[in-house]
Each structure stands twice: as structure tokens, then as C-alpha cells.
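In what follows, a single structure is set out as C-alpha cells and then discussed.
The values are calculated or read from the model by the stated rules, or taken from the named source; none is laboratory data. Note that the structure is predicted; figures quoted are calculated from it, not measured. Quick reminder, even Gly has a Cβ in these numbers, built from the backbone with ideal geometry, and neighbours come from all protein chains shown.
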Amino acid sequence: MYKIADFAKEINRCIQCNFCLQNCPVYLEDAVESSVARGRLNLIQALLVEKTLVATERAGELLNRCLLCTNCVQGCPSGIPVDDIVITARAELHKEYGFSLGMRFLLKQVVNRSTMTNLGGWAVSIAKRLNLAPDAIPHLVSKPFEQRYLTKIAAKGEVRGRVAYFIGCATNYLYPETGEAVVKVLTECGYEVIIPEDQHCCGIPALAHGEMEAAQDVVRWNAARFADLEVDAVITDCTSCGYMLKVKAAKTLPTDDPYQGKVEAVAKKVVEITEFINREGILSNLRDRIGDINGKMGEAGAASANVRSEIATAAEARQELAATGDSGASLKVTYHVPCHRAWSPNLVQAPRQLVPNLPDVQLVEMKEPQKCCGAGGSFFVDHESIASSIRGHKLEDILSTEADAVMTQCPACRYYLSQGLQEKVQVVHPVELLAQRITTR
Amino acid sequence: MSGLVRDLEGLLEARRVFAQQEDLLAYTNDATHRRVFPEAVVQPLTTSEVGKVLEYANRKRIPVVPRGAGTGLSGGATPVPGSLVLDMKRMRQILEVDQRNLTATLECGVVTQEFHKAVERLGLFYPPDPQSMSVCTIGGNVATRAGGPRGVKYGTTKDYVLGIEAVLPDGEVIHYGGKSVKMSSGYDLARLFTGSEGTLGVITKVTMKLLTLPPYRQSMVAVFGELDAAAETVSAIIAAGAVPSGLELLTKSSIETLEAFIPLGLPKDAEAFLLIELDGHEGKVHEDAGRIIAICEAHGVRETKIAQSAAEAERMWFARRALFPATARLAPNVLIEDATVNRTEVPTMVREIKAIAERLQITIGVSGHVGDGNLHPGILTDKSNPELMQRAEAAMGEIAKKALELGGTLSGEHGIGTLKAPYLEWEFGREGVQLMRRIKAAFDPNGIMNPGKIGAEWGGANV
Ligand SMILES: Cc1cc2nc3c(=O)[nH]c(=O)nc-3n(C[C@H](O)[C@H](O)[C@H](O)COP(=O)(O)OP(=O)(O)OC[C@H]3O[C@@H](n4cnc5c(N)ncnc54)[C@H](O)[C@@H]3O)c2cc1C
Ligand code: SF4
Ligand code: SF4
């Protein structure tokens, strides 16, 4: 469980090498050593383990000013779970000092989907309470993904297997087209898809905001819905949900919690969708049904039809331009690698390996595909100015590729990048690029 | 010290002055364990800002501790009570890479690896490769004479400094040297600042010598059943004149830790490993590789493994860079020794370290840049256990003494800092230390620059 006492040893293993200076997106902007993993760990140790410092506002600020992006963890030779430790410290500081964290109200509402009734009103009321700039608030779809599909969708053609689909909040409320693409690809490839009813948020936003109990509740709730299903895999389209289900869920509960067994059973089966496609080699099932759509973004749900028509126009315009050349129209995509990537061995390569299968799509790498975009879940809402400076470098990198679209498997990155890119470049989930090119049986 | 912050904020932007305890805490140490709170941290952007801050501190007799990335392993960047830390990392422009003269001029806060990338893009080469290069700064490298695996063939930072811009404690700026590769005028002030560990002034800019990038590289690992045999092989390789561009020794305990972190598929029951890199023209590299393999075989090597791709080679070296941190998984604290001996004495030194470990009942993992005689024994300890800590420090002292007895030096590349300051006289005698102290006083009459470093009693009230 996330208790600082359990992490005291881990903090001690920090050898103070400062290697984390290299990759911390916040440090790279703030340039002060208190803003890097080592600084945070030493601060947490002083505040909560050795109790040699008393927390002031600045302590709260330094600990909240962490994206939980795990870039430090990935480069830390001692493998210190910095994000877990920051999460724990937030929860304990919150208990001990009552620090208020910007998004608390929102979380209470979001984690338990059954309390969400009037979505439009919900978004507006959060905006009012948090006094936020309007563009920080995502525009939610009127009909969430979960209300569009049956709980069991049959495989098409020869049956290859059966999988469960974990619907993240972003797919549910913001990007149902990702969910539609996942279902399309899986069923067309011969998988029966089970979508358990009443799924809740994975819990990672609650953890990030120090809402330990809320996180525990949803972890247990979801584990109960997925653990006993007879499925080959539990699919997620979101790298942060995957990280939560695979790694963090077990840590969220006490070690002797009766739900640990169920949590573990789910964790074993969690796979990110593009990684699953690659791992199972299921594209071979589709070989002659993946088509060229002339570099367009194809059909999908009604959710963001207007956005899509803009894309189509842009693509058509490019197509006209390209018509003078000898090659057919193609969609140039670049790949933004989500920070929550280390939990799964190949999710960084999987989307790249998907592209050669799409006849009219071409991959152009940006200079630093792995560099953080600044979203950090909902970090950008509370820390607008630093998040947008972090994003600034990313946008520059993306624009310099002259790509038509960016693909990424993280909906927070997708949202935040698309706000920054406006209409210039579209942001999609790689599974959508694939789904758009599959002719249905 | 009221008013300090207000004064500093009059000298540079307020957002580059830090005095809250949470921020200061992050600056209480380098990569060593002792922690001391400074009074404030400032981040200058220009030489003139450094000058203003030093002039002020000198007038007020406030100790100043220059700091790069704080990765030092000798306590050099650890503050002293009441001090002002000068965080130099914001001065990070590469001002010029001169392809015709093969030089580069850069600010002290440039990260070493960024500098590598910048010159390598142009087909040029800056060899010094401290294993902390992903974060450490050129200023820190110059101030400590940092080295790395390539030292065996290419020397260390000190061999590349052509010119220097530095600010003296009274705020005066001096320039010495430049792009000329030879210079025979006046005292070599560039050399004097090189390795000065922040005790003479603040290095703000340096001009470094560059080479052209070797066209071809190859890495290999040789696995030995016995530590002695591996150490003997090192001397034999050097004697045969096949100069590798990297020749590192790893021992059993280090491999066990490394394998847990980055599996290289090395046998866990072997006692010692040599990690070797060769560079130059392809034909010559292959020829030397053949000679080295023959030497390994003559010394009873168990197996040799050549990296099949650049990626595999990078993995081997990445693992080597992770060694010290990986060792830290074994104990709460690790003291990294840096004693260096003549290359022919490596086998003796390795045996002596084993004996010291046994005598003091303490675990010491031996690894290091053996190709240039620079060993990095890692002494496992725990700062919360005073008795063990005492034995660890005793081991450090004994290793240092032994290295000196064998004609070596206290430090090959990490510097003296505070950790080795007590031993300075062993190496230079009273006269030598007195002269160094007079040099220090000539630069820094008020003793504000990084007091207590190199000489335990230098600076502060003692000058
Ligand atoms: C994991 C690890 C591996 C390492 N491997 C190596 C290695 O292979 N080889 C090696 O040589 N070292 C190694 N080191 C030690 C360390 O990285 C080097 O000593 C490095 O040169 C320190 O650079 P820094 O920027 O971190 O300087 P700091 O640690 O911040 O400072 C070091 C000293 O230089 C002084 N200083 C810094 N900047 C200036 C300036 N602008 N003007 C005047 N004085 C200044 C400081 O006061 C201090 O005395 C390693 C350290 C770690 C943690
Ligand atoms: S990289 Fe890891 S061990 Fe090194 S200072 Fe950062 S957190 Fe500590
Ligand atoms: S999780 Fe990200 S933001 Fe937080 S300390 Fe690590 S690298 Fe920095």
C-alpha cells in the first residue's frame, strides 16, 4: 500500500547521483534542483521520514509540480519508484497538513461513473469552481462510449479468441472513436470482445491527487468486474490506465487486501492494444482487407464528425498538391511516445511497426519522440504555465516534421497536444489509423 | 544573515535567487552523503553576474561554493555553513565550434554529453567521458580534471583545456590561453584552474581542444575465472602497445548487480570481466582486437565476446555507466575510492584492496578504469551505522595510503574535495601543501572560495 513508511528504504537507495537531472521535464523548465526527482525524494525524506523539516507552501508546490511522468524512474540506475513515492507523499501531506489539491472536487465526481448524470453541466460547474481557462476543459461527448455498445460483441469470421476491453475515462467521454476503432480491429481480426458493465475509472487520477481511498475503491471495483472473466487478455487503449492496472493497482491496496488476488489476475492479462496487435500477429488475418484511403482520416463514429471533416478537407487539399507528384496521396504521421511506457515491453515500437501495414501512411520521426508533452494526466490544468512551456518544445518538434498527424496512445497527450496544435496537425490513436483502413466483412 | 536575499536580489533577478529551506535542501550535498545547508543559492547567467556576486560575497566575507551538476564524488560541491551556492548550470551555451582549428569555446554549465553530441555531429571528437556525462557539466569536469574509460588512450579533461575565462573572488575577470595549441608565456593559469575544485575562483568559459572522430569502434568483453589473471592481462595489453580506447575492470559482485539491472547475459560465476573498446581505422581495430584476444587467451580467459552491433556495444557501456548506481542496491551508502597507481601496479593494488577488505571485515567491490591504473573500489557502508562508517573511512584511508606507497596518487579523477582532504600531506608533504596553500591565498586572500576543500583548513577563518 502507498504508505511512506514502506518507501523509506526505497528513498534511502537513492545514491544522489543526480542522473535524473537529464530527463525531468519540470527540471528542464524550472532549472532548480529542488524540482528534480532527487530534490523531491530528499524533501519527502526530510518532511515525512526524518521529520527534520516542517512543510510550508513551497513543499506543497514542489510535490504537486511533478508530472508523475516516470521519466526519472526510467533513467534511474537505482530503479527508485519516484512517482509512487511522490503520490504517497501527496496523500500523507494532504492528511497531515490538509494541503488542498486543485482537482479534488473533480475527482470525486469522475472516479465513480454512476454519479455522473448531467455531463454538460458537470463540465461547466468544474470550470466555475476551479476558475479555469475554458480551453483547459475538455468538451465531453453527449453519448459516452459505454452507452453505445453491447457488453458482448461477437467476433467476425473465424474465431481467434476472446478478450475483455477496459474502457478508460477518456475513451468513454472524450474519444469514443478510439473505442470504436479498438472494437472494430479486434472483432474483424476474430476476437470476441467482452465489455463488462459498470466499469469505473482506473484510479490513476485519484492516486495522483492524493485520494487514496477513492483509488482503492475503484481498484477493487474494477478488479471484481474483470478478474473472473474467461478471456485471453484485458485490452486497454490508454497507456496510463495500462500502467495503473498492470503495476500500480496492486500497490494501491494493502498487501493483505482480499482483492489482491483479483488485482493480480487482471494485471497479468493487461495489454495495450497496439502491442496486442503486434504480439499476436493478428494483422495477418486482415492482410487483404487493409486498404488505401488516399491519405485521409477515414470513417468513424459521429462523436467528432466536424473535426473529422476538417481533417478530410485538409487531406484533400494535400492530395491535390500531391497530385502533381508521381506518388499517391499519403498521410505523413509522426509518433509521440507517451511517458507511461515502461510497463509494457514493446508499446513504444508497436505503433511504429503498425505503420508499414497501412499502405497510404508514412512515418516521419520527430527529433525527440519520447520527450514529455507536459500534459501529465491533468497536471496541465493546475500548472498551466509550466505545462505549456514543456508543450512548446514538443509542438516545435512536431511542426518541424511537417507531418499531417501525430499518433499517440495516451488520451491526455492527445487532448493537450491537439489544443496546442489547433487545426494544423491532427492527433489520433494509432489504432484509429488502422481501423479506418479496414474494410469490414 | 538577514538582508542577504534582498542584497542578492539586487544583483540578479529574484527568480534566480533561492533561500527557502525546501530549495536549499536540494543543494545540501553532491553525490556524497554528508549534508550541509547553504544560506542561499543563486543562478548566474553571465560572467558579469558571477563577478557581481563574487565581489559582494568577498566584501561580506561570505563563503562561495561553485556547483555544476552536483555529481562530484569527493564532497567538493557540498556547501559549508553560511555559504552561498553558485549554481552554474544556467550558463550553458556552446559559443563556438571551430572546425578549422579543432577547438570549441563553451560556457561552464554545458552538459558534457550535450557537448559530445554537438561536436560529433560535425565529425569531431571530445574524448573525456566521465560516466556521469549525461548530466555533469564541463565546468565541473575542468574543476575536477574528470576522466573516464577513454582516459587510457585519450587522457582526461586536463589534456584538453586550452584556454579559460574565470572570475576571481574580488570580481575581476581573467582570460588565459585560447585557440593556440601551444603556448609558452607566463604561468599556466588555465592549468591552475583545472583541478582547482572551486577554491581559486569561478570558471565561466573554457576553450577545449578537439580531435576528429575515429571512423570505427569495436567493443568486447573478456571473462576471467580469476581476478588476478584479469589484472595481469591489463598490464600485458598495455605493454604490448595495443592501446584500447577503453579498458575497464568489473568484478563478480558488480556483474551480479549489473545483470539484475541490464541483462548482458554474462556468466555469474566468473570472477572478473574486462570491458574493452578499440577505435580507429577498421583494419587496425580488427588487427588490435586479434592481438588482445590472443593476450587474453595467454592469460587463461574463459571466453571473449565481441559486440555484434553498435547497439550491443552501447548496451555494454551503458551497463558500465550504471555500475556505481547499481552497486548502491547492495548497501545504503557506497564510498567510491579513486586511488590511482601506475598501470604495472594494478594487479598488486587489486590484491591489496582485497586484503584491506578482509582485514577490516568490510565489502569492497573493485572495478575501475584499470587501463590507466585508476581503480574505483566501492566500499559498501551505511551512514546510519557509525561503527561501520568508521571502518569504511578507515578502508578509504588505507587504500589511499597503499596507492601512495606504490607510487600512485590519492585521486585519479574525482578530486580531493573534503573526503580526501585529510590525506593531502601524505601525497605532497608539508612543503608541498604549504605551497599550495600560499597559491590559494594569492588568488583568494579572504578565503571565501569553497573553504575546506582540497585542504581541510584552507579558507574561512584559517587563511
Ligand atoms: C554515477 C557517477 C559516475 C561518475 N563517474 C565519473 C567518472 O567516470 N570519471 C570522473 O572523473 N568522475 C566521475 N564522477 C564524478 C563527477 O561526475 C565528476 O567529478 C564531474 O566532473 C563533476 O561535475 P559536476 O558538474 O557534477 O560538478 P560538481 O559536483 O557540481 O562540482 C565538482 C567540483 O567542481 C567545482 N566546480 C563546479 N563547477 C565549477 C565552476 N564553474 N568553476 C569552478 N569550480 C567549479 C565544485 O565547487 C566542486 O568542487 C561520477 C559521479 C557519479 C555520481
Ligand atoms: S537517478 Fe535515481 S538514484 Fe540517482 S539521484 Fe535520481 S532518484 Fe536518486
Ligand atoms: S515523475 Fe516526471 S516530473 Fe516527476 S520528478 Fe520524475 S521526471 Fe520529474
Working carefully through the options A:Ala224, A:Ala170, find the one that is part of a helix (DSSP H, G or I) and within 22 Å of A:Glu272 (Cβ to Cβ). A:Ala170
Test A:Arg13 against the criterion of being within 13 Å of chain B (Cβ to nearest Cβ) and of a type outside the set (A, V, I, L, M, F, W, C), and give yes or no. yes
Just wondering, is there one or more residues in the range B:181-204 that are part of a helix (DSSP H, G or I), away from ligand 3 (no atom under 16 Å from the Cβ) and within 14 Å of chain A (Cβ to nearest Cβ)? no
What is the one condition in (1) within 28 Å of the chain's Cα centre (by Cα); (2) crowded, with 20+ Cβ neighbours inside 10 Å; (3) free of Cβ contacts under 8 Å to residues at least 60 places away in the same chain that B:Asp288 does not satisfy? (1)
Could you check the range B:303-335 and list, in sequence order, the residues that are within 23 Å of B:Asp372 (Cβ to Cβ), within 14 Å of chain A (Cβ to nearest Cβ) and not in a strand (DSSP E or B)? B:Trp317, B:Phe318, B:Ala319, B:Arg320, B:Arg321, B:Ala322, B:Leu323, B:Phe324, B:Pro325, B:Ala326, B:Thr327
It is to be established whether one or more residues within the range B:168-191 are within 9 Å of ligand 1 (Cβ to nearest atom), outside the structural domain of B:Val370 (by TED's automatic domain parsing) and not aliphatic (A, V, I, L, M). no
Test: residue in the range B:418-428 that is hydroxyl-bearing (Ser, Thr, Tyr), outside any loop (DSSP other than H, G, I, E, B) and crowded, with 16+ Cβ neighbours inside 10 Å: yes
Return the total of residues in the range B:144-155 being β-branched (Val, Ile, Thr) and more than 7 Å from ligand 1 (Cβ to nearest atom). 1
Kindly indicate whether any position in the range B:129-143 is out of contact with any Asp or Glu (no Cβ under 6 Å at 6 or more places or on another chain), more than 14 Å from chain A (Cβ to nearest Cβ), within 8 Å of ligand 1 (Cβ to nearest atom) and within 26 Å of B:Leu250 (Cβ to Cβ). yes
Taking A:Thr70, is it surrounded by fewer than 24 Cβ atoms within 10 Å (Cβ to Cβ), of a type in the set (Ser, Thr, Tyr) and within 13 Å of ligand 3 (Cβ to nearest atom)? yes
Any idea how many residues of the range B:103-122 are in a loop (DSSP other than H, G, I, E, B), within 24 Å of the chain's Cα centre (by Cα) and either more than 13 Å from chain A (Cβ to nearest Cβ) or at pLDDT below 95 (or both)? 2
If I filter the range B:396-415 for residues that are surrounded by fewer than 24 Cβ atoms within 10 Å (Cβ to Cβ) and over 19 Å from B:Ala355 (Cα atoms), do I get at least one hit? yes
With the condition kept exactly as written, say whether any residue in the range B:336-344 is part of a loop (DSSP other than H, G, I, E, B), within 28 Å of the chain's Cα centre (by Cα), modelled with pLDDT under 90 and within 14 Å of chain A (Cβ to nearest Cβ). no
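Rundown of residues vs (1) closer than 16 Å to B:Gly195 by Cβ; (2) of a type in the set (A, V, I, L, M), yes/no style:
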| site | (1), (2) |
| --- | --- |
| B:Gly417 | yes, no |
| B:Pro422 | no, no |
| B:Glu431 | no, no |
| B:Arg438 | no, no |
| B:Pro445 | no, no |
| B:Met449 | yes, yes |
| B:Ile454 | yes, yes |
Residue check for B:Ser74: farther than 27 Å from B:Glu13 by Cβ, touching a residue at least 24 places away in the same chain (Cβ under 8 Å) and either assigned by TED's automatic domain parsing to the domain that holds B:Gln43 or more than 16 Å from ligand 2 (Cβ to nearest atom) (or both): yes
What tally of residues in the range A:44-75 results from selecting those that are in contact (Cβ under 8 Å) with a residue 24 or more places away in the chain and either touching a strand residue (DSSP E or B) at 6+ places or on another chain (Cβ under 8 Å) or at the interface with another protein chain (Cβ under 9 Å from one of its Cβ atoms) (or both)? 5
Of those in the range A:74-87 that are surrounded by fewer than 21 Cβ atoms within 10 Å (Cβ to Cβ) and closer than 22 Å to A:Leu253 by Cα, the residue nearest to ligand 2 (Cβ to nearest atom) is A:Gly79
Within 19 Å of the chain's Cα centre (by Cα) and among the charged types (D, E, K, R): does that describe A:Lys367? no
Among the residues of the range A:152-211, how many are in contact (Cβ under 8 Å) with a residue 60 or more places away in the chain, of a type in the set (Lys, Arg) and under 20 Å from A:Val266 (Cα atoms)? 1
Any helices (runs of 4 or more DSSP H) falling wholly within the range A:324-441 and containing at least 3 residues that are at pLDDT 95 or above and over 20 Å from A:Asn278 (Cβ atoms): A:384-400, A:411-421
Among (1) in contact (Cβ under 8 Å) with a residue 12 or more places away in the chain; (2) more than 11 Å from every other protein chain (Cβ to nearest Cβ); (3) out of contact with any helix residue (DSSP H, G or I) (no Cβ under 8 Å at 6 or more places or on another chain) - the single one B:Gly365 does not satisfy: (3)
Is it the case, given these coordinates, that B:Ile262 is within 16 Å of ligand 2 (Cβ to nearest atom), in contact (Cβ under 8 Å) with a residue 60 or more places away in the chain and either within 14 Å of chain A (Cβ to nearest Cβ) or under 24 Å from the mean Cα position of the chain (by Cα) (or both)? yes
Selection from the range A:31-72 of residues over 22 Å from A:Asp6 (Cα atoms) and within 16 Å of ligand 1 (Cβ to nearest atom) yields A:Ala31, A:Val32, A:Glu33, A:Ser34
So for the range B:389-397 (the condition being modelled with pLDDT of 95 or more and of a type in the set (Asp, Glu)), does at least one residue qualify? no
